[in-house]
1. Exceeding 27 Å between C-alpha atoms, which entries from my cross-link table qualify? They are A:Lys1/B:Lys20; A:Lys1/B:Lys42; A:Lys42/A:Lys68; A:Lys111/B:Lys41.
2. Based only on the alpha carbon positions, what is the Kirkwood hydrodynamic radius of chain A, in angstrom?
3. Would you mind counting up the charge near A:Leu19? Only other residues with Cβ under 10 Å from its Cβ, with Lys and Arg at +1 and Asp and Glu at -1.
4. Going 7 Å from the Cα of B:Ser9 toward and past its Cβ, which residues in the stretch A:13-57 have a backbone nitrogen under 19 Å from where you end up?
5. Give me the one-decimal nm value for the distance between modelled label points at B:Thr111 and B:Ser54, 7 Å along each residue's Cα-to-Cβ direction.
6. Which whole-number percent is the relative contact order of the stretch B:12-113 (Cα, under 8 Å, 6+ apart)?
7. Below 16 Å, Cα to Cα, which aspartates and glutamates can A:Lys99 reach? Residues fewer than 8 away in the same chain don't count.
8. Counting every Cα pair in the protein assembly as shown, what percent are over 25 Å apart?
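Nothing in this text is a laboratory measurement; each read-out follows from the coordinates by a stated rule. The structure presented is a predicted model; accordingly, all values stated were derived computationally and were not measured. Reconstructed Cβ throughout: ideal geometry from the backbone, glycine too, with neighbour counts over all protein chains shown.
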Amino acid sequence: KQEVTQIPAALSVPEGENLVLNCSFTDSAIYNLQWFRQDPGKGLTSLLLIQSSQREQTSGRLNASLDKSSGRSTLYIAASQPGDSATYLCAVIRAAGNKLTFGGGTRVLVKP
Amino acid sequence: GAVVSQHPSRVICKSGTSVKIECRSLDFQATTMFWYRQFPKKSLMLMATSNEGSKATYEQGVEKDKFLINHASLTLSTLTVTSAHPEDSSFYICSAPGRYEQYFGPGTRLTVT
């Protein structure tokens, strides 16, 4: 059974500092991995999708890496801003069209 | 990107009543949809997989008679919480798979009084 873990569970940084969020999964047989952002009381916003054949994806200040063999992904957010404060979730999928397995999330607070 | 809608976004009901939540894929067809539940400050837990034209597949520990799922068309899945109790209060989110990624609805906040 796939298990996804995110460490740390919570993170507080001053504005401008880079953020590093970790995600690990126990079964390396994944189809892809997605990173999401969730604001309090809101739904999910997809940030980055990394397919199993890829090693990283970038979008603006966000960069996500994937090391499938070791079961790890890292989300980097450069030059953090107060608006980056949210919960970040990673999720893996075993095959196309299948269900997602989510990590517990990392709650991020960026202090101005 | 593809859009998934949910209705209602927020609902308050009394104990013992039933509540129906709709999940629609607006610009694509989905033979499968997923229903998740999220408690405050917790992650998403998959409740069931909704299959168009056939029975839903429920995760272990989810009561199929309490959480009725119907997937009558390629763009609509419904979740009905029957005989709701305060412990059913939660955030319910649906998703539909695209070719590579999952598209999520905005969620429904259910409060049972």
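1. Correct reply: A:Lys1/B:Lys20; A:Lys42/A:Lys68.
2. On the way: mean 1/r = 0.0717 Å⁻¹.
About 14.0 Å, per the Kirkwood formula over Cα pairs.
3. Its environment carries a net charge of -1.
4. Output list for this probe position: A:37-46.
5. About 4.0 nm, to one decimal.
6. 35 percent
7. A:Glu3, A:Asp27, B:Glu52, B:Glu59, B:Glu101
8. Values: 10248 of 25200 pairs.
Beyond 25 Å sits 41 percent of the P(r) for the protein assembly as shown.
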